[in-house]
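I have placed the structure first, in the form of structure tokens, so that the comments after it can refer back to it.
The values are calculated or read from the model by the stated rules, or taken from the named source; none is laboratory data. As the structure is a computational prediction, the values presented were derived from the model and not from experiment. Glycine also receives a Cβ, built like all others from the backbone with ideal geometry; neighbour counts cover every protein chain displayed. Accessible surface is based on the protein model in full, side chains and every heavy atom, while ligands, DNA and RNA are left aside. Shrake-Rupley method; radii C 1.70, N 1.55, O 1.52, S 1.80 Å.
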Amino acid sequence: MDSKITIEHRGKQAMPKGLLIVYTGNGKGKTTAALGMAMRAAGHGLRVCFIQFIKGSWRYGELDAVKRFDGLIDLHVMGKGFTWKTDDREEDIRLAHEAWAFACTVIDSGAYHTVVLDEFTYLLHYKMVEIAPCLHVLTNRNPNQHVVITGRYAPQELIDAADLVTEMLAVKHPLKSGVKAQKGIEF
């Protein structure tokens, strides 16, 4: 990771600081916002690791889009699907621990400017991983590395530790009118 990256804004050079960013809430757009940040970083030639914790084997358009950033965005799909509809909670917990251990390795590697932990809040909400050790890793990472976390139900402790929190609010969604999920919109 290039720890000497700085941004010039209006003639002033900013101090680099890795941010802990959380996109949460029941509205649509959390993963999309994180993907936008990943593409923005890649557009500047910065390496990103995007870890999806519970997307499972579903086919998402972002998988194909990220392939276009080969060498800059590494995408890892972990878990087996939606954990709140589980048939085997113990296996889901084992996979959650495995995925978190992988994320810790990625964060500690120093190889990435930005690490995205997509849908990570569900692991915390459903108590599949403990929050205290997670916060320890997140708050003691390289001070220039950005970490983006997405998902509903972000716990207050994570919100308190974050530098930037955006809550997506569901105001209106076509699903309520019977419109099913569409390619290019929801997946």
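What to note about this one:
- One residue stands out in the stretch 100-123 among those that are of a type in the set (A, V, I, L, M, F, W, C) and over 21 Å from LEU72 (Cα atoms): the one that is nearest to the chain's Cα centre (by Cα), namely PHE120.
- Test: residue in the stretch 94-105 that is crowded, with 21+ Cβ neighbours inside 10 Å, of a type outside the set (Ser, Thr, Tyr), in contact with a strand residue (DSSP E or B) (Cβ under 8 Å, 6 or more places away or on another chain) and on the phi > 0 side of the Ramachandran plot: no
- Residues being more than 16 Å from PHE120 (Cβ to Cβ) and of a type in the set (S, T, N, Q) - total across the stretch 138-187: 5
Residues are listed down the side, and each one gets a yes or a no for (1) more than 21 Å from ARG94 (Cα to Cα); (2) at pLDDT 95 or above:
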residue	(1), (2)
HIS136	no, yes
ARG141	yes, yes
GLU157	yes, yes
ALA161	yes, yes
MET168	yes, yes
LYS172	yes, no
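- Flag not set for ILE185, criterion: under 20 Å from ALA103 (Cα atoms) and surrounded by fewer than 17 Cβ atoms within 10 Å (Cβ to Cβ).
- Considering residues of the stretch 1-50 that are within 20 Å of LEU135 (Cα to Cα) and open to solvent by 50 Å² or more (accessible area, probe 1.4 Å) only, the residue modelled with the lowest pLDDT: LYS17
- Residue ID - nearest to the chain's Cα centre (by Cα), chosen from residues in the stretch 147-181 that are surrounded by 12 or more Cβ atoms within 10 Å (Cβ to Cβ) and of a type in the set (D, E, K, R): ARG152
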